[in-house]
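The values are calculated or read from the model by the stated rules, or taken from the named source; none is laboratory data. Values in this document were obtained by computation on a predicted structure and should not be read as measured data. Note that we place each Cβ from the backbone using ideal geometry, even for glycine, and neighbour counts take in every protein chain shown.
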Amino acid sequence: MEIELEIEGVTDRAIADAIRKRVRRLQRQLGRRDDVRVKVAPSETRGTWDLGIQEPSGWHLISLSDPVDRLPDVIDRTLRERLVRPSSNVGP
C-alpha cells in the first residue's frame, strides 16, 4: 500500500516532518493493498484543520480542532482508526 501525503499550511518544518515520518511508518505497517491519498490543510474555520482521506470508497473529510503541534499524533491516530483492518496486528 502506498499513502500519498499532501501537507498544506503547516509552516513549522519539524511538525511537517513528524507528520511525514508517522505516515511512512504507518504505511510500512499496514497490510492493505489499496493506495490511499491523504491531505492535511487549514480549514476555512479559523483554528481547525481538514484531514482528507481518499480510499477506493471515496473521499472522507475529517475536521480537527487540535493545535498544529498536536497534528502528528492526531493524524497518526486518525489514520490508524480509519485504515487499519481489525484483523491486522499493527502496533502503535
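Exactly one condition in (1) surrounded by 14 or more Cβ atoms within 10 Å (Cβ to Cβ); (2) in a loop (DSSP other than H, G, I, E, B); (3) of a type outside the set (Phe, Trp, Tyr) is false for residue 44; which is it?
Residue 44 satisfies every listed condition except (1).
If I ask for residues that are outside any loop (DSSP other than H, G, I, E, B) and either exposed (fewer than 10 other Cβ atoms within 10 Å of the Cβ) or modelled with pLDDT of 95 or more (or both), which ones from the range 80-92 would you list?
Taking the range 80-92 as the starting set, the residues that turn out to be outside any loop (DSSP other than H, G, I, E, B) are 80-83.
Across the range 80-92, the qualifying residue is only 81.
Looking only at the range 62-72, filter to residues that are part of a helix (DSSP H, G or I) and over 18 Å from residue 30 (Cβ atoms); which one of those is nearest to the chain's Cα centre (by Cα)? Break it down stepwise before answering.
Within the range 62-72, the first condition is being part of a helix (DSSP H, G or I), and the residues that meet it are 68-72.
Filter once more, keeping what is over 18 Å from residue 30 (Cβ atoms): 68-71.
Values: 68: 13, 69: 14, 70: 12, 71: 9 Å.
That would be 71.
Kindly check whether there is at least one residue in the range 63-75 that is without any contact (Cβ under 8 Å) to a residue 24 or more places away in the chain, surrounded by 15 or more Cβ atoms within 10 Å (Cβ to Cβ) and in contact with a helix residue (DSSP H, G or I) (Cβ under 9 Å, 6 or more places away or on another chain).
yes
Quick grid of which residues meet (1) modelled with pLDDT of 95 or more; (2) of a type in the set (D, E, K, R); (3) closer than 18 Å to residue 74 by Cβ:
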{"residue": "17", "(1), (2), (3)": "yes, yes, yes"}
{"residue": "26", "(1), (2), (3)": "no, no, yes"}
{"residue": "36", "(1), (2), (3)": "no, no, yes"}
{"residue": "46", "(1), (2), (3)": "no, yes, yes"}
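Restricting to the range 47-57, what's the tally of residues that are surrounded by 18 or more Cβ atoms within 10 Å (Cβ to Cβ) and under 15 Å from residue 84 (Cβ atoms)? Explain how you work it out, then say what you get.
Of all residues in the range 47-57, those surrounded by 18 or more Cβ atoms within 10 Å (Cβ to Cβ) come to 49, 51, 53.
Remaining after also requiring under 15 Å from residue 84 (Cβ atoms): 53.
Looking only at that region, the number is 1.
Please determine, by comparing only the residues of the range 1-36 that are within 13 Å of the chain's Cα centre (by Cα), outside any loop (DSSP other than H, G, I, E, B) and charged (D, E, K, R), which one is surrounded by the fewest Cβ atoms within 10 Å (Cβ to Cβ).
If we take residues in the range 1-36 being within 13 Å of the chain's Cα centre (by Cα), outside any loop (DSSP other than H, G, I, E, B) and charged (D, E, K, R), then 6 is surrounded by the fewest Cβ atoms within 10 Å (Cβ to Cβ).
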